[in-house]
1. Do any residues in the stretch 124-152 that are within 11 Å of Ala172 (Cβ to Cβ) and among the basic types (Lys, Arg) have Cβ atoms under 9 Å from those of residues that are assigned to a helix (DSSP H, G or I) and modelled with pLDDT of 95 or more, where the two are at least six apart or on different chains, and which pairs are they?
2. Pairs, please: C-beta under 7 Å, at least 6 apart or cross-chain, first residue acidic (Asp, Glu) and in the stretch 43-66, second surrounded by 15 or more Cβ atoms within 10 Å (Cβ to Cβ) and assigned to a helix (DSSP H, G or I)?
3. With respect to the numbered conditions (1) surrounded by 15 or more Cβ atoms within 10 Å (Cβ to Cβ); (2) over 16 Å from Pro43 (Cβ atoms); (3) free of Cβ contacts under 8 Å to residues at least 24 places away in the same chain, which one is the sole condition not fulfilled by Ala114?
4. Could you list all residues from the stretch 7-39 that are closer than 21 Å to His83 by Cα and of a type outside the set (A, V, I, L, M)?
5. Quick check on my filter: what residues within the stretch 93-104 are of a type outside the set (Ser, Thr, Tyr), in contact with an Asp or Glu (Cβ under 8 Å, 6 or more places away or on another chain) and within 19 Å of Leu138 (Cα to Cα)?
6. For the structure I just gave you, tell me whether Gly15 is in contact with a His (Cβ under 9 Å, 6 or more places away or on another chain), touching a residue at least 60 places away in the same chain (Cβ under 8 Å) and buried (at least 17 other Cβ atoms within 10 Å of the Cβ).
7. Looking at the stretch 116-124, is at least one residue part of a loop (DSSP other than H, G, I, E, B), of a type outside the set (A, V, I, L, M, F, W, C) and more than 24 Å from Ala160 (Cβ to Cβ)?
8. Can you work out which of the residues in the stretch 159-177 that are over 16 Å from His147 (Cβ atoms) and of a type in the set (Gly, Ala, Ser) is surrounded by the most Cβ atoms within 10 Å (Cβ to Cβ)?
Amino acid sequence: MPAECDAIVIGASAGAVEALTSLLPALKPGFRLPIIVVVHLPPDRRSAMAELFRAKCSLEVREAEDKDPIVAGTIYFAPPDYHLLVEADRTFSLSCDAPVLFSRPSIDVLFESAADAYGPKLIGIVLTGANSDGARGLRAIIAEGGHGIVQTPQSAFASAMPEAALQMSATAKSMTLKAIAAYLEEI
C-alpha cells in the first residue's frame with residue numbers, strides 16, 4: 001500500500017455494476033480519498049451510475065462535471081460520451097475527443113491524466129471488461145510511481161481488460177474483488 005495517497009481511479013466495462021457493487025458500498029463514512037470511476041457507457045443515453053450508487057453508498061456520489069474541483073470522500077462517475085480528465089490543479093475537464101478503443105469515456109484517458117496530476121500519490125484499479133482499455137493508463141500510473149491493482153482475470157465477468165492490464169504492467173497486484181474491497185477499507 002502506498003505510504004501516502006491522494007486519489008483512486010477505477011476503470012470497468014462489461015460486468016462493471018456487479019464489480020463496483022462489491023467495492024464502493026463497502027467504503028465507510030469518513031473515507032478520505034476521492035474515487036474517480038470510468039465505466040464504458042452507451043453514448044446516446046443518460047447514465048444512471050451515480051444515481052444507482054448514491055442509493056448504495058455512504059459516501060457522496062456524483063457525476064463529474066467540467067471544472068469541478070475534486071473533493072475528498074466523494075465518488076465521481078464519468079458522464080456518457082465524454083472523456084473525463086484530471087487537470088494539474090485537480091479539477092475535472094470533459095473532452096469530446098475521438099473515442100479511444102471505441103470508448104468515450106476512456107479509462108486510459110482518465111488514468112493517464114490522473115497520473116500526470118497525482119504522480120506517485122495515485123492508485124489505479126482495473127476491473128472487469130472486454131477490451132484492453134485501461135492497460136496503457138495503468139502502466140502510466142505505475143511509471144509515475146503510483147500503485148496498480150487489477151481484478152484477477154479468473155474472477156472477472158469479462159477477463160480481457162484485466163489480462164491486458166497485467167500483461168502491460170507486470171508489477172500491478174492482481175486481487176479478487178473481496179481483496180480489493182479489504183485493501184480499500186484499510187487505506
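The values are calculated or read from the model by the stated rules, or taken from the named source; none is laboratory data. Since we're looking at a predicted model, the values are computed, not measured. Here the Cβ positions follow ideal geometry from the backbone for every residue, glycine too, while neighbour counts run over all protein chains shown.
1. Every condition considered, the pairs that remain are Arg139/Phe111; Arg139/Ala165; Arg139/Met168.
2. Pairs found: Glu63/Ala50.
3. (3)
4. Answer for the stretch 7-39, where residues must be closer than 21 Å to His83 by Cα and of a type outside the set (A, V, I, L, M): Gly11, Ser13, Gly15, Pro34.
5. Listed by number, the residues that qualify are Val100, Leu101, Arg104.
6. On the way: in contact with a His (Cβ under 9 Å, 6 or more places away or on another chain): no; touching a residue at least 60 places away in the same chain (Cβ under 8 Å): yes; buried (at least 17 other Cβ atoms within 10 Å of the Cβ): yes.
Spelling it out, it is not the case that Gly15 is in contact with a His (Cβ under 9 Å, 6 or more places away or on another chain), touching a residue at least 60 places away in the same chain (Cβ under 8 Å) and buried (at least 17 other Cβ atoms within 10 Å of the Cβ).
7. no
8. The qualifying residue surrounded by the most Cβ atoms within 10 Å (Cβ to Cβ) is Ala164.
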